[in-house]
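Take a look at the structure set out below.
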């Protein structure tokens, strides 16, 4: 052990183990009395306390039963996991400690029954308050533990009566299984699915009756089939209408071209053209030319060429020659005309085109009326087809829902049957048995009594020694007065004096109630002590 060191001037002093042991010898009577008293008290308490009995049960969390998920699908998915997660085990632990489960255990086992002392301490307490307090006490007394690397939950409970310990755990197991069943498999599913199945069955029958009535009104022919036939005819008439409109456009173009040709084509044609000279005129002109030439010749015999008569005759000769040349170059033309056949053909084609145009226009009007009738009929049949399709979809949906709820009802019935036979994912691995041996061992009380008595007696001895203000050892003198101790003389008769060396260590033994002589190295402080203390 560590020893405190005291320094004075030139030398240092420490508290030895011998000084510590001396404390026990000085107060050995008190220490023995405390040790024996505590041991006797603990043993008497152990004898006075009633024995406790411990019962234990174990629950196994498993995954053997897989319930289908409630969904609107025909084939509900099965979410199967072969391992149990830590969250699921913790959830089961919380269910075990739930308020309603513990309250059932408290009520069934009578843990809320009050005693005479309890009625005095809790005067005026209601039954609900007693039950709640018992639930809190039961929750603190239950020892729940999840065994490592397993899916087993261990539950232990201690009671002064073994029958109560066993009954509490047996009731807890039953209440927990009921709670597990209530939480994981709520009741009323089969009744709900049966009710919904009957409702959809009636709706399916009503939809089938409406569909049958509608089919009878349509003479057994589906509106969609009639609509397709009408649309086919409508497409044919629309094609004819487009053809007629194309013919009208063609006729109008033909008429315009024929009218243009009719305007540009003459009604008659020249069939024969004859050209020839006018013999009488030529003969007269030639005779006149000959006469004038003869007259000029005769005048030249008498006059000069410049003579006016000769000049006048020359002019007449030139004019006659010009007239003769003109007549020779411009023969007489004789033309013969007849009726133009092209003009007649254009006129007949124009009349025919106008007649065809009138026919096409009348056909277009009739086709438009027919198309409008078929369009109205197709629209009506389309609405009837939509109505029939809605009735068919309603009937199919009701039938599908009816079959779905029939299947779900069967699944719920199977689940309820499994619930009644207690086929669950939790089972009791170990049922609570009636304990026969108490949990408190006398050897444990003996060890506890010894340890407690040792601690109390040592604490009392050191407390008394600490409270004592007298000097008992040279080291205390040196620590308090800061002066060297030359010797320590016991005050009791027959004791050997403690001869101290310069370091304050003696070579004899004593109880410390002696006097110490010290060498004074200066002004000495005055210490006032109780009688029997060491005087330095």
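Please enumerate the residues belonging to segment 179-191 that are assigned to a helix (DSSP H, G or I) and without any contact (Cβ under 8 Å) to a residue 24 or more places away in the chain. Full working, then the answer.
We begin by selecting, within segment 179-191, every residue assigned to a helix (DSSP H, G or I); these are 179-184, 189-191.
Across segment 179-191, the qualifying residues are 182, 191.
Can residue 16 be described as in contact with a helix residue (DSSP H, G or I) (Cβ under 9 Å, 6 or more places away or on another chain) and at pLDDT 85 or above? Show your work before the answer.
Details: in contact with a helix residue (DSSP H, G or I) (Cβ under 9 Å, 6 or more places away or on another chain): yes; at pLDDT 85 or above: no.
Spelling it out, it is not the case that residue 16 is in contact with a helix residue (DSSP H, G or I) (Cβ under 9 Å, 6 or more places away or on another chain) and at pLDDT 85 or above.
With the structure loaded, tell me whether residue 394 is at pLDDT 85 or above and part of a helix (DSSP H, G or I) or whether it fails that test.
Values: at pLDDT 85 or above: yes; part of a helix (DSSP H, G or I): yes.
Yes, satisfied.
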Quiz prompt | Residue tally, condition assigned to a helix (DSSP H, G or I) and in contact (Cβ under 8 Å) with a residue 60 or more places away in the chain, over segment 216-227 | solution = 4
Quiz item: For the subset of segment 159-191 comprising residues that are surrounded by fewer than 19 Cβ atoms within 10 Å (Cβ to Cβ) and closer than 17 Å to residue 437 by Cβ, which member is nearest to the chain's Cα centre (by Cα)?
Solution: 164
Quiz item: Does segment 414-459 hold any residues that are at pLDDT below 70 and outside any helix (DSSP H, G or I), and which are they?
Solution: 421, 422, 423, 424, 440, 441
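The values are calculated or read from the model by the stated rules, or taken from the named source; none is laboratory data. If you're wondering where the values come from, they're calculated on a predicted model, not measured in any experiment. Reconstructed Cβ throughout: ideal geometry from the backbone, glycine too, with neighbour counts over all protein chains shown.
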